[in-house]
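Student: Pasting a structure here, questions to come.
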Amino acid sequence: MLPWPDYGEALGDATDGLQVAVFDGPTAPPDEVLAQVEFFVPQYMGGAASLEPMRRMPRLTAVQTLTAGVDNVWPYLPPGVSLHNAAGVHDASTAELAVALMLASLRRIDDFARAMPTGEWISGRYDALADKTVLIVGYGRVGQAIEARLGGFEVDVVRVARTARTEEGLEVHAYDRLPQLLPAADVVVLVVPLTEQTTGMVDAAFLTQMRTGALLVNVARGPVVVTGDLLAETASGRLRAALDVTDPEPLPPQHPLWRSPGVLISPHVGGNTSAFLPRARRLVAEQLRRWRTGEPLVNRMTA
């Protein structure tokens, strides 16, 4: 079951010889169709309505998401079904936005845009990204892509992941080193997956350790940050934040985060760019080829 009516054109010969059903809207196909599904690709950002039908797929063996994060999928996944994420599909787009948010916030591009309707000329001296220390929290594929794009900006990059390691000669620190690393960072970028360990990771204690004037960039998941604790820091003007994800999400129009000083918000668009669909379709085509030939599928996730 695929989310694309044009699957024949999109996936080439990957579906040759397969019976394909399409689920691309809010209403799930009838149970007699769901009962035949063995390989399922849910709609991108389709929410619970796109995931709940898995519970009515008794023959289901594999689920391939179009998102890198799968925290919302686990509650609907039937026992014994393998789950595969879209690692690699969103790396470039999410990394682009992370760097764009850094630059826009530091250079106050959002302030300039707000000043345009009144013609206010708010000239001044603003922060550069150059010479900053950027701490990447969650140094996986997206974190690596962010560092690659920072290569020409003359910054110092510090890397943090769940476990310490050396990767291609680069030191990656463990989470438990954050208390020592946060005070020296000018920009802290969050790209961790949402897990029990990372939910609420960025709380009052974490934020207090960040230096005054530092920028928090979140392109991970909203619940990684305790919203009330972040609001306390931005309202005082001590910290700034650039957020592609929030908690709650979508952020209600009257939520104080919209109007908090030094906060820049984009509406969870990190991965949803023109680069997404071609890469997603290449991944699904390869996974279908593997599934048909009995080869192991890539990007398997474990709870």
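Student: Name the helices (runs of 4 or more DSSP H) wholly within the stretch 1-51 that hold at least 3 residues that are surrounded by 13 or more Cβ atoms within 10 Å (Cβ to Cβ) and touching a Leu at 6+ places or on another chain (Cβ under 9 Å)? Give the derivation first.
Tutor: Values: elements: 7-11, 31-34, 48-51.
The helices (runs of 4 or more DSSP H) meeting that bar number zero.
Student: Here is a check on your reading of the model: is ALA68 over 26 Å from ARG141 (Cα atoms) and either out of contact with any strand residue (DSSP E or B) (no Cβ under 9 Å at 6 or more places or on another chain) or surrounded by fewer than 18 Cβ atoms within 10 Å (Cβ to Cβ) (or both)?
Tutor: Numbers: over 26 Å from ARG141 (Cα atoms): no; either out of contact with any strand residue (DSSP E or B) (no Cβ under 9 Å at 6 or more places or on another chain) or surrounded by fewer than 18 Cβ atoms within 10 Å (Cβ to Cβ) (or both): yes.
Spelling it out, it is not the case that ALA68 is over 26 Å from ARG141 (Cα atoms) and either out of contact with any strand residue (DSSP E or B) (no Cβ under 9 Å at 6 or more places or on another chain) or surrounded by fewer than 18 Cβ atoms within 10 Å (Cβ to Cβ) (or both).
Student: When you go through (1) touching a residue at least 60 places away in the same chain (Cβ under 8 Å); (2) in contact with a Leu (Cβ under 8 Å, 6 or more places away or on another chain) one by one for LEU66, which number turns out not to apply?
Tutor: Going through (1) touching a residue at least 60 places away in the same chain (Cβ under 8 Å); (2) in contact with a Leu (Cβ under 8 Å, 6 or more places away or on another chain) one by one, LEU66 breaks only (2).
Student: Among THR118, THR198, THR212, THR133, which is among the hydroxyl-bearing types (Ser, Thr, Tyr), touching an Asp or Glu at 6+ places or on another chain (Cβ under 9 Å) and under 25 Å from GLY262 (Cβ atoms)?
Tutor: Values: THR118 fails: touching an Asp or Glu at 6+ places or on another chain (Cβ under 9 Å); THR198 fails: touching an Asp or Glu at 6+ places or on another chain (Cβ under 9 Å); THR212 fails: touching an Asp or Glu at 6+ places or on another chain (Cβ under 9 Å).
Criteria check complete, one pass: THR133.
For (1) farther than 30 Å from LEU283 by Cα; (2) of a type in the set (Ser, Thr, Tyr), each residue gets a yes or a no:
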{"residue": "ASP71", "(1), (2)": "no, no"}
{"residue": "ALA95", "(1), (2)": "no, no"}
{"residue": "ARG108", "(1), (2)": "yes, no"}
{"residue": "PRO117", "(1), (2)": "yes, no"}
{"residue": "GLU120", "(1), (2)": "yes, no"}
{"residue": "SER123", "(1), (2)": "yes, yes"}
{"residue": "ASP127", "(1), (2)": "yes, no"}
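Student: From the set of residues in the stretch 183-200 that are hydrophobic (A, V, I, L, M, F, W, C) and touching a residue at least 60 places away in the same chain (Cβ under 8 Å), which is nearest to SER105 (Cα to Cα)?
Tutor: Here is the first cut: in the stretch 183-200, the residues hydrophobic (A, V, I, L, M, F, W, C) are 184-185, 187-192, 194.
Restricting the remaining residues to those that are touching a residue at least 60 places away in the same chain (Cβ under 8 Å) gives 187, 189, 191, 194.
On the way: VAL187: 11, VAL189: 13, VAL191: 18, LEU194: 24 Å.
Ranking the candidates gives VAL187 first.
Student: State which residue pairs qualify: first residue within 18 Å of HIS173 (Cβ to Cβ) and inside the stretch 141-153, second residue in a helix (DSSP H, G or I) and polar (S, T, N, Q) in any location, beta carbons under 6 Å apart, and separation of 6 or more residues or different chains.
Tutor: Correct list of pairs: VAL142/THR94.
Student: Another one. Among the numbered criteria (1) closer than 26 Å to ALA275 by Cβ; (2) free of Cβ contacts under 8 Å to residues at least 24 places away in the same chain, which single criterion is violated by ALA95?
Tutor: (2)
Every residue, every condition in (1) touching a residue at least 60 places away in the same chain (Cβ under 8 Å); (2) of a type outside the set (Asp, Glu); (3) under 22 Å from VAL192 (Cβ atoms); (4) touching a Leu at 6+ places or on another chain (Cβ under 9 Å), yes or no:
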residue: GLY222; (1), (2), (3), (4): no, yes, yes, yes
residue: VAL226; (1), (2), (3), (4): no, yes, yes, yes
residue: LEU230; (1), (2), (3), (4): no, yes, yes, yes
residue: GLY237; (1), (2), (3), (4): no, yes, no, no
residue: LEU251; (1), (2), (3), (4): no, yes, yes, yes
residue: GLY262; (1), (2), (3), (4): yes, yes, no, yes
residue: VAL269; (1), (2), (3), (4): yes, yes, yes, yes
residue: ASN272; (1), (2), (3), (4): yes, yes, yes, no
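Student: Identify the residue in the stretch 102-139 that is charged (D, E, K, R) and touching a helix residue (DSSP H, G or I) at 6+ places or on another chain (Cβ under 7 Å) and, among all such residues, is nearest to PRO193 (Cα to Cα). Talk me through it step by step, then tell me what you get.
Tutor: Our first condition is that a residue be charged (D, E, K, R); within the stretch 102-139, this holds for 107-108, 110-111, 114, 120, 125, 127, 131-132.
Still in the running and touching a helix residue (DSSP H, G or I) at 6+ places or on another chain (Cβ under 7 Å): 110, 127.
Values: ASP110: 28, ASP127: 29 Å.
So, considering only residues that are charged (D, E, K, R) and touching a helix residue (DSSP H, G or I) at 6+ places or on another chain (Cβ under 7 Å), the one nearest to PRO193 (Cα to Cα) is ASP110.
Student: Could you check the stretch 232-260 and list, in sequence order, the residues that are in contact with a strand residue (DSSP E or B) (Cβ under 9 Å, 6 or more places away or on another chain) and part of a helix (DSSP H, G or I)?
Tutor: To start, the set of residues in the stretch 232-260 that are in contact with a strand residue (DSSP E or B) (Cβ under 9 Å, 6 or more places away or on another chain) comprises 233-234, 239-247, 251, 257-258, 260.
Selection gives GLU233, THR234, LEU257, TRP258.
Student: Test of understanding: among THR293, THR246, which residue is of a type in the set (Ser, Thr, Tyr), farther than 20 Å from ALA113 by Cα and modelled with pLDDT under 95?
Tutor: Details: THR246 fails: modelled with pLDDT under 95.
Unique residue meeting the criteria: THR293.
Student: Taking the stretch 27-45 only, how many residues are in contact with a Lys or Arg (Cβ under 7 Å, 6 or more places away or on another chain) and of a type in the set (Val, Ile, Thr)?
Tutor: 1
The values are calculated or read from the model by the stated rules, or taken from the named source; none is laboratory data. Quick caveat, the model's predicted, so the values are computed rather than measured. Note that each Cβ is placed from the backbone with ideal geometry, even for glycine, and that neighbours are counted across all protein chains shown.
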